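The values are calculated or read from the model by the stated rules, or taken from the named source; none is laboratory data. Quick caveat: nothing in here was measured; it's all calculated off a predicted structure. Here Cβ is always computed from backbone atoms with ideal geometry, including for glycine, and neighbour counts include all displayed protein chains. For accessibility, only protein heavy atoms count, side chains too; no ligands or nucleic acids. Shrake-Rupley method; radii C 1.70, N 1.55, O 1.52, S 1.80 Å.
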Amino acid sequence: MLRSRSNSVSRALLFCATLFFLLSEAISAQADSSAQPPSPEMHDVTDGYGRTVRIPVNPSRIVSLAPSLTETVYALGVQDRLVGDTDYCDYPPEAQKKPKVGGVINPNLEQIAALRPDLVLLSKEGNMLDTVRALDSLHIPTYATDAHSVEQIISSTQRLADVLNASEAGKALSDDLQQRLQTLQVKLTGVPPRSVLFIVWPEPLMSVGKNTFVADALRRSGAASIVDSNQDWPQVSLEEVAKLQPDCLVFAASHTGSSGNDFESVAHRPGWQLLNAVRNRHYAVVSDAIIRPAPRIVSVIEDLARQLHPEVFQEKPDNERPSTPPTSPPFIKPIASPSRVSARSSEVQCVL
Amino acid sequence: MRPLTLGRLLLRCTILGLILFVVVVIALKLGAVQVSLYGLGRDLIRVLLHQSAGISTDYGVIVVDIRLPRILLAVVVGASLSVAGTSFQALLRNPLADPYVLGISSGAAVGSIIALMVENQLSISPEFAGLITPFGAFIGAAVTIAAVYFLGRRDGQMESTTLLLGGIITASFLSAIIMFLMSTLSGSNLRGASYWMMGSLSSLPPSSLLYFIGIGFIIAAGAIYTTSSDLNLLLAGEKEAMHLGVDVPRVRIVVYLAASILTGLAVSVSGAIGYVGLLVPHAMRMIFGSDHRMLIPASALGGAIALVIADTLARTVVAPSELPVGAVTAMVGAPFFIYLLRRRLA
C-alpha cells in the first residue's frame, strides 16, 4: 500500500508540474517563432468585418475559403494567383483542380499554411470567425467580404478587385453587371411582381428572409418572396405557405446532382397539393448560383426573370451580349401556364 | 490483485506516460501536410533549446504553430474529461455517469451560443476576441454547476441520488433552451453553434487559454487526487465510508466542484466531446482495477492518449477535410470498449 497520502499528493503535483513545464516551454517557443513577417509592399484596407487589415498591395498567392469568392477570383481573371480553394469550390469547373484546403467551415489550417498564401479570402457569412482568428494568430493576412444585397455583391466584387490589384477588370465586370441589371429593370418596369416561395430546402421547409441577397435577387427578377422574415434562412410552415398561396415555386438546382429539392419530389410530399402553384405546376428552377454572393447572380436574375415573365422577353428574343462572364442557364424549364402567359402579354403590351 | 505499491504506481504511470509521448510524437508527424521524421525531430529539439529562429519555415508554422498547440489541447482536454468521468462515476456511484451527466456541457453550450450571438454586436479588440466564446461557455458551465449543486442538496447536505436527478433535469431543460436558441440563429452563427456541439479541437486556442486550462487542470485534478483513498472507501457505500471515518460531505463537495470545473474548462475550449469521459475511466478500471490512487492518474494519461489518437484520426482520415472529433471518439471508442468488456468476461 502507499505509505501516506501526502506523499502521493506531492508525487501527483510533481508529475503535473513536469507536464506543465513541458507545456509552457512549447508555448513560449511557439510565440517566439511566429514573429517573422515577410516584407513585400503592404497596405491597410477595411474588410467585411469592419476591421482594418494589413495585406500585400499585390497579393500573389491567394487562398479562397468560399465558393463565391473562388468564382469572383475567376471572374476577375486572376485565377493564376489562386493557389488553393475549398472542397465546395466547383465553379468554374477548373476551380475543382486547384489544391484543396478542406471545407468552408472547417478548413485545414495546416494545408493553408503549407500553401504559403500571402492573402486568404473569406466570407463573413460563410466562414467561421474562429478560422479568421486562427489565421491571424499564424500571421497570415486575411480579407473578408460581406454582402447582403445584389448591389453589395457588385460593390464588394469591385472592392475585392482593388484588393487583388485587378481594379480594371473589377471596373469592367461591375459596370457590365450594373448595366445588365439596369436593362432588366427597364424591361420589368410596370410588370407586377409574381409572388413566389423560394425553396432552400423542402423538409423541413426552409426559405429566405427579406434581408438576404437572395430575396433581393428575387425582387430584381420580378418576384416577391411571400416569406417576410428577419431571419436569414427561416423555417416556414406549410400551413403559412398554403395561406399565402404563392403564385410560383422557385428552386435552386445544384449541378452537382442533389435533386432533393426538385419539383417532382416536392409535389408528391403530403400536404403540398394544397398549393395552387403545385397543382398548376407553376415553378421555376434556377442555377444554385442564386445562393452564392458572386457575380454570376446577375445571370441567374436574368434567367429567373425570363422564366417568370416570358412575355416581356418575347419581342426581343435574344440581345444578350457574349462578352458577359460565363453564363450558365441550363435549367430553364418554362412555366407551363399558357393562359397566364397570354393574360400577361396583353398587360405587358399595354405597358410598353 | 496484488496491493498497490509506490513502485508499481510509478511504473504504470511511467509506461502510460511513455505511450502518451510516443502517441504525441506520431501525432506531430501525421497530418494533411507531409513532415519528415528527421525534420520533426530536429525542429522539436530546437524548440526545446529555444533556438526557434533556426526552425525551417515549412515545418515551423505547421508543426510548432498549428499541430503542437492542438495536440497539447487534446492532452489537457482528454485528461480533464476522463478524470472528471472517473470522479463522477465514483461520486454518483453510477457506472453510466460521464462528465456531461450533470448538464455541465449543456450549460456551457448555452453560454457559448449566447456569446456567439452577442459577439457580433460588441466591438472587441482582436486580442480578446478569441476568448469570448470560451469565456461564455465557462460562465454557462459555472452557473450550471452552482444550480445543480443547490438542486442536489437535501436537508442541507449533498446527496448522490438527488444530485444525479437534479443534474439530469437541468441538462434536459438546458437542451430545450439550446434548441430554442439554435432555431433563432442563422448563417455562420448556426454553423458555429452546431460545430461547437459536435466537439472540435480545430480552432487554434490562444496560448493564454492553454495556460489557463493547464493550471486549472493541475489544481482540480490535484484536489480530486487528495480524496482518492476516500473515494475507494465510498465505493463500499456512503454509510460504510462514514463509519470508516470518511468525511463524506466534504469529499462530495470537493469532488463535485473539482470534477465540474475540469468539465467546464474542457468543454469551454473544445465543445462537447463525447465518450472520452465515459469509456476511458471504464477501460482503465478494467486494466488497472478500481483503486482510485492508481485510477485517477491512469485516467488522466489514458484520456490524453485516447483524445490525441482520436483527434489525429479526425485530422487525417479525410484530409484535407476534418471529421468532428466527437464522432471519432464514439466510433473508435465503442468497439474498443466492447472488446475490453468481452475480454474481461471471458
Practice task
State the number of residues belonging to the stretch B:138-164 that are touching a residue at least 60 places away in the same chain (Cβ under 8 Å) and open to solvent by 50 Å² or more (accessible area, probe 1.4 Å).
Solution key: 2
Practice task
Could you please let me know if A:LEU181 is in contact with a Pro (Cβ under 7 Å, 6 or more places away or on another chain), touching a residue at least 12 places away in the same chain (Cβ under 8 Å) and either among the aliphatic types (A, V, I, L, M) or within 30 Å of A:LEU76 (Cβ to Cβ) (or both)?
Solution key: no
Exercise for the section: Please indicate, with yes or no, whether at least one residue in the stretch A:163-176 is of a type outside the set (A, V, I, L, M, F, W, C) and assigned to a loop (DSSP other than H, G, I, E, B). Expected result: yes
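Rundown of residues vs (1) modelled with pLDDT of 90 or more; (2) under 20 Å from the mean Cα position of the chain (by Cα); (3) of a type in the set (Val, Ile, Thr), yes/no style:
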| site | (1), (2), (3) |
| --- | --- |
| B:ILE15 | yes, no, yes |
| B:LYS29 | no, no, no |
| B:GLY41 | no, no, no |
| B:LEU49 | no, no, no |
| B:ASP58 | no, no, no |
| B:ALA74 | yes, yes, no |
| B:ASP98 | no, yes, no |
| B:LEU102 | no, yes, no |
Practice task
Output the residue which, of all residues in the stretch A:232-254 that are open to solvent by less than 30 Å² (accessible area, probe 1.4 Å) and part of a helix (DSSP H, G or I), is farthest from A:VAL214 (Cα to Cα).
Solution key: A:ALA242
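What residue, of B:GLY264, B:GLY271, B:GLY289, is open to solvent by less than 10 Å² (accessible area, probe 1.4 Å), on the phi > 0 side of the Ramachandran plot and in contact (Cβ under 8 Å) with a residue 60 or more places away in the chain?
It is B:GLY271.
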Practice task
Look at the stretch A:117-134 and say how many of its residues are within 9 Å of chain B (Cβ to nearest Cβ) and modelled with pLDDT of 90 or more.
Solution key: 1
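In the stretch A:262-271, is there at least one residue being at pLDDT below 90 and of a type in the set (Asp, Glu)?
Within the stretch A:262-271 (the criterion being at pLDDT below 90 and of a type in the set (Asp, Glu)), the answer is yes, since at least one residue qualifies.
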Handout entry: Matching entry among A:VAL163, A:VAL214 (being of a type in the set (A, V, I, L, M, F, W, C), under 30 Å from A:TRP272 (Cβ atoms) and touching a strand residue (DSSP E or B) at 6+ places or on another chain (Cβ under 7 Å))
Key = A:VAL214
Handout entry: Counted residues, the stretch B:219-244 - those being within 13 Å of chain A (Cβ to nearest Cβ) and of a type in the set (D, E, K, R)
Key = 1
Practice task
Would you be able to tell me the number of residues in the stretch B:220-245 that are β-branched (Val, Ile, Thr) and either surrounded by fewer than 15 Cβ atoms within 10 Å (Cβ to Cβ) or part of a loop (DSSP other than H, G, I, E, B) (or both)?
Solution key: 1
Practice task
Might you check whether a residue that is within 30 Å of B:LEU73 (Cα to Cα), modelled with pLDDT of 90 or more and more than 7 Å from every other protein chain (Cβ to nearest Cβ) occurs anywhere in the stretch A:8-19?
Solution key: no
Problem - Flag if B:GLY277 is open to solvent by less than 60 Å² (accessible area, probe 1.4 Å), small (Gly, Ala, Ser), closer than 15 Å to B:VAL76 by Cα and out of contact with any Ser or Thr (no Cβ under 7 Å at 6 or more places or on another chain) - result: no
Fill in the blank from the handout: Note on the stretch A:213-236: residues modelled with pLDDT under 90 and within 13 Å of A:ALA252 (Cβ to Cβ) are A:TRP233
Problem - Test set (1) closer than 28 Å to B:LEU91 by Cα; (2) without any contact (Cβ under 8 Å) to a residue 60 or more places away in the chain - B:LEU190 fails condition number - result: (1)
Practice task
Inspect all residues belonging to the stretch A:57-70 and state whether any of them is within 11 Å of chain B (Cβ to nearest Cβ) and either free of Cβ contacts under 8 Å to residues at least 24 places away in the same chain or at negative phi (or both).
Solution key: yes
Fill in the blank from the handout: Scanning the stretch A:178-231 residue by residue, those open to solvent by less than 20 Å² (accessible area, probe 1.4 Å), in a loop (DSSP other than H, G, I, E, B) and under 19 Å from A:ALA294 (Cβ atoms) turn out to be A:VAL208, A:THR212, A:SER221
Exercise for the section: Name the single residue, out of those in the stretch B:320-346 being within 14 Å of another protein chain (Cβ to nearest Cβ) and of a type in the set (A, V, I, L, M), that is farthest from B:ILE71 (Cα to Cα). Expected result: B:ALA327
Problem - Of the criteria (1) open to solvent by less than 40 Å² (accessible area, probe 1.4 Å); (2) at pLDDT 80 or above, which one B:TYR339 fails - result: (1)
Exercise for the section: Determine if the stretch B:289-308 includes at least one residue that is modelled with pLDDT under 90 and part of a loop (DSSP other than H, G, I, E, B). Expected result: yes
Completion exercise
Counted residues in the stretch B:161-202 being at pLDDT 75 or above and either in a loop (DSSP other than H, G, I, E, B) or away from chain A (no Cβ under 14 Å) (or both) come to 22
Problem - Boolean, B:VAL317 is under 23 Å from B:MET197 (Cβ atoms), surrounded by fewer than 20 Cβ atoms within 10 Å (Cβ to Cβ) and within 14 Å of another protein chain (Cβ to nearest Cβ) - result: yes
Completion exercise
Scanning the stretch B:209-218 residue by residue, those more than 9 Å from every other protein chain (Cβ to nearest Cβ) and surrounded by fewer than 23 Cβ atoms within 10 Å (Cβ to Cβ) turn out to be B:LEU209, B:PHE212, B:GLY216
